[in-house]
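This structure is in structure tokens; I'll ask about it shortly.
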Amino acid sequence: MTSRTVSAAASGTWLLGDLRVNRIGFGAMRLTGSAAFHQGTPSDRGTALAVLRRAVELGVNHIDTAAFYFSRLRSANELINSALSPYSDDLVIATKVGPARDASGGWAASARPDQLRGQVEENLRQLGRDHLDVVNLRIMSQESVSEHFGALAELREAGLVRHLGISNARMEHLAQAEKIAPVVCVQNRYGIDARDGEVMLRACAARGIAFVPFFSIAGEGREAGAVRAEHDEVCAVARAHGISPAQVRLAWALRHGMHVLAIPGTGNPAHLVDNVAAGGLRLTKEDFQLLDSIGRSAS
């Protein structure tokens, strides 16, 4: 598949509430640096803006971001605003609230329920929007999310937020949130070598909720990226099809249900095309059996 024929539409679509998105989206975290937030060196600003514009040209209409995605030189929200505003009607921007960082990039205490409005308004201001399409509550260490999710539900009723989701969640968190307001998505870590999200994956499928895995490419590297040697099984499948290991990982994740929405992030234009093209890949049953053996051997 050449870059001219690559389209996020090949991945199929899913509804985030009443918002239809292609299943291959884009995660904006890595635009702020090559590693985690304030670590590493961000790509050239012009390149970052070009990547965002190219993503939309390739059919990406689901972008994941957060006000706490920033480094000394870059803010993901500001880049999105500069590159894509005025926004097209079909572009869905999902953001997150909950974690708090100070101006130097250090992590502060998680926001209290009464502080979430300020975080929502910060995202609105940075993105240049009058409402947010989707806001995910990023759960840190709290046992109950009822107060926090309730505060977001009030902002939804006020029209500042259209749809709500949760991130880094356990099953009890989903149950608590669903008692308060509709949940349109759950963002949890999930990938070939991170199978602890399978219970939530199945629960979301049963409820018609989008499951949005993060670190699907990075694996154990998490925020730092794909820092470990790739599994032999992933490399074998990649060689057999003439594709990249990253594409194998994304195709594997998407295969686990039409409700799975991938949000790979990159500041590299070539990697962007590679990631979007993964949405149109069709691996074989034998490929998936080989890849699934990674999870079995790791457990």
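Expressed as an acute angle from 0 to 90° and rounded to the nearest 10, what is the orientation of the C-alpha long axis of helix 116-127 relative to the principal long axis of the chain?
Helix 116-127 and the main axis of the chain meet at about 60 degrees.
Which value, in debye to the nearest 20, describes the size of the charge dipole of the chain about its Cα centre when Lys and Arg Cβ atoms bear +1, Asp and Glu Cβ atoms bear -1, and nothing else is charged?
Charge dipole, the chain, about its Cα centre: 340 debye, nearest 20.
Please give the helix 232-241 orientation as an angle from the longest Cα principal axis of the chain, in degrees from 0 to 90, rounded to the nearest 10.
It works out to around 70 degrees.
Give the span of the range 75-221's Cα atoms along each principal axis, as three whole-Å numbers ordered largest to smallest.
Principal axes ranked by extent give 38, 35, 33 Å for the Cα atoms.
Any idea what angle helix 146-157 forms with the longest principal axis of the chain, computed on alpha-carbon atoms, 0 to 90 degrees, nearest 10?
80 degrees
What Rg and what Dmax come out for the chain when only alpha-carbon atoms are used, in angstroms?
18.1, 53
Under the 0.36 nm per residue contour assumption, what length would be gained going from the current alpha-carbon distance of MET258 and HIS241 to full extension?
Here the segment from MET258 to HIS241 would lengthen by 3.9 nm.
In whole Å, what is the distance between the alpha-carbon centres of the range 47-117 and the range 138-216?
Cα centres, the range 47-117 to the range 138-216: 19 Å.
Per residue and in cubic angstrom, what volume does the convex hull of the Cα atoms of the range 90-177 have?
Given the Cα convex hull of the range 90-177, per-residue volume reads 103 Å³.
Report the label-to-label distance for GLN142 and ASP102 in nanometres (one decimal), using points 7 Å from each Cα along the Cα→Cβ vector.
2.3 nm
Sequence gap at least 6, Cα distance under 8 Å: using those rules, report the relative contact order of the chain to the nearest whole percent.
Values: 602 pairs, mean separation 60.9, N = 299.
Relative contact order, the chain: 20 percent.
Computed from the coordinates by the stated procedures, all read-outs in this text should not be read as laboratory data. As the structure is a computational prediction, the values presented were derived from the model and not from experiment. Neighbour counts are summed over all protein chains in view; Cβ atoms, including those assigned to glycine, are modelled from backbone coordinates with ideal geometry.
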